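Trainee: Just passing along the structure, written as structure tokens.
The values are calculated or read from the model by the stated rules, or taken from the named source; none is laboratory data. Treat the numbers as computed from the prediction; the structure is a model and nothing was measured. Cβ atoms come from the backbone with ideal geometry, glycine included; neighbour counts cover every protein chain shown. The area values use the complete protein model at the heavy-atom level, side chains included, leaving out ligands, DNA and RNA. Shrake-Rupley method; radii C 1.70, N 1.55, O 1.52, S 1.80 Å.
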Amino acid sequence: CCGINAEYGSGDFFLTMQSNIRCLSTLLDKTSLYRPSPITVAQLIEFGKKRNESQSYGFLHHELSIRISHMVKELHMLPDALLQQPSVKLVKDMYIKTFEDLAEFDESGMYDEQNLGKFTRRLQNIKRRHQTVVETMAEGILELKKESGDRFDPSINYFLDRFYTSRIAIRVLISNHLVLFGPEEECPGHYGVIDPSLDVHDIVDDAASSAKYLCNHHYGDSPSIEIQTYSRNGGENGDVSVVYIASHLHHMCFELIKNALRASIEHPLNGEVPQVKVLIAQGKRDISIKVSDRGIGIPMKLQDRLFDYHYSTAPEVCLSTAVVTKQQNRKQNMLS
């Protein structure tokens, strides 16, 4: 029902378009009534061991459709002031297009080799389309801030928390399928995207090197970084490993260390740039990573605002014609 078969130039084309739009909207409404299935790391590992492509197709087609439909519904419920921003409209269009792409498939194609390959290629396109969603949504926040200043609806923070969490889950599911059955390379010893024995020190060290490179490029210098580990079995400087996704841990550590380097180099002590320290500590049931710097800190009166998406201590970013050009390029990518 959702496929568009009418040819351009036919008198019924626009009627067919309207019918398909209504059909897609009805399907989205029905799909959004289902709840997403919770998925654990243990389940991903087990699936990585079995590597059943038909099973992955059936599960992902169902699960991604539900999760994407929820994203679209929540985007529709945003405050009008944010929803009307060009960048947010673009994000909404991306998710509607992705739901439409998934609607072209059904369970009857689970055991068709050609259809399985087509589905995997479609997931590649979807992943590529949503590559810049975080930046595009951030541009929407900046657009709103330019219009409204600091007067933000409190519900926006709640929405963005849910939005970004859902986006992470969707990308993990897609990436796992592409590693197992698509062109993305699987690291030795991994189960899809999951590393069952991820060396935390190695990831932190690599993230620190990347942050130092960026700091050197921007400031011409960077603080030294000391990394210490404490494991439950090996004591000080013992090995610490965890079952996790390497790219996720790297991203979090990179952002934290990058901020610490900036705070340190912008506020030297007695003319010297203080060292940044990272402590990796393993407990019985968890692992903590502590990043310490000697920056000037944050005033108490601002601490309640630290986790507001529209607040930052970084310099203001000026929107320019370059932003509009980037949006136009993304629009083209979205439609491909």
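Trainee: For the stretch 191-201, in order, what is each residue's ³J(HN,Hα) by Karplus, 6.51 cos²θ - 1.76 cosθ + 1.60 with θ = phi - 60°, in whole Hz (x at glycine and Pro)?
Mentor: My calculation for the stretch 191-201 gives 10, x, 8, 8, 9, x, 9, 5, 7, 5, 4 Hz in order.
Trainee: Another one. Sort 67-79, 22-34, 238-250 by packing, meaning the average of other beta carbons within 10 Å per residue, with the highest value first.
Mentor: Highest to lowest by the protection proxy: 67-79, 238-250, 22-34.
Trainee: In addition: Run the reach check for Lys301 against aspartates and glutamates, Cα to Cα strictly under 18 Å, same-chain hits fewer than 8 apart removed. What comes back?
Mentor: Asp150
Trainee: Next question. Go from 0 up to the bin containing the longest alpha carbon distance in the stretch 74-205, width 10 Å each, and give me the % of pairs per bin.
Mentor: Reading the bins upward from 0: 10, 32, 28, 21, 8, 0.
Trainee: Using alpha-carbon pairs under 8 Å, 6+ residues apart, how would you state the relative contact order of the chain in percent?
Mentor: 15
Trainee: Same structure again: Among the listed pairs Lys30/Lys73; Lys97/Lys118; Lys30/Lys118; Lys258/Lys290; Lys212/Lys290, give every one whose C-alpha distance is greater than 20 Å.
Mentor: Lys30/Lys118
Trainee: I need to check one value: relative contact order of the stretch 29-175, counting alpha carbon pairs closer than 8 Å and at least 6 residues apart, in percent.
Mentor: Relative CO of the stretch 29-175 lands at 31 percent.
Trainee: For the chain, what does the helix formula give at 222 nm: sum of -39500 (n - 2.57) over DSSP H segments with n ≥ 4, over the residue count, nearest 500 deg cm²/dmol?
Mentor: One gets -19000 deg cm²/dmol as the mean residue ellipticity at 222 nm.
Trainee: Something else about it: Amide H to amide H, which residues 5 or more places from Thr229 or on other chains are under 5 Å from it, using H placed in the peptide plane?
Mentor: Close amide H contacts, sequence-distant or interchain: Asn237, Ile280.
Trainee: Report, to the nearest whole %, how much of the accessible area of the stretch 168-237 belongs to carbon and sulfur atoms, 1.4 Å probe, protein only.
Mentor: Carbon-and-sulfur percentage of accessible area, whole number: 46.
Trainee: What ranking do 165-171, 297-303, 84-90 get when scored by the average of other Cβ atoms within 10 Å per residue, highest first?
Mentor: Output ranking for 165-171, 297-303, 84-90: 84-90, 165-171, 297-303.
Trainee: Rolling a 1.4 Å sphere over the protein heavy atoms, what is the accessible area per residue of the chain, to the nearest Å²?
Mentor: Result: 59 Å² per residue.
Trainee: Pick out, from Ser231, Pro36, Ser264, the residue whose Cα sits farthest towards the positive end of the charge dipole of the chain, with +1 on the Cβ of Lys and Arg and -1 on the Cβ of Asp and Glu.
Mentor: Value computed over the given set: Pro36.
Trainee: In vacuo Debye scattering of the stretch 118-183, one point per C-alpha: log10 I(q)/I(0) at q = 0.15, 0.23 Å⁻¹?
Mentor: -0.60, -0.97
Trainee: Additional query: Step through the table entries Lys92/Lys145; Lys49/Lys284; Lys146/Lys277; Lys50/Lys127, compare each Cα-Cα distance with 29 Å, and write down the pairs that go over it.
Mentor: Listed pairs above 29 Å: Lys146/Lys277.
Trainee: Percent of Cα-Cα pairs more than 33 Å apart in the chain, please.
Mentor: Of all Cα-Cα distances in the chain, 41 percent exceed 33 Å.
Trainee: To continue, here is another question. At a 10 angstrom cut-off on C-beta neighbours, averaged per residue, how do the peptides 220-226, 50-56 rank from highest to lowest?
Mentor: Top to bottom by mean Cβ count within 10 Å: 220-226, 50-56.
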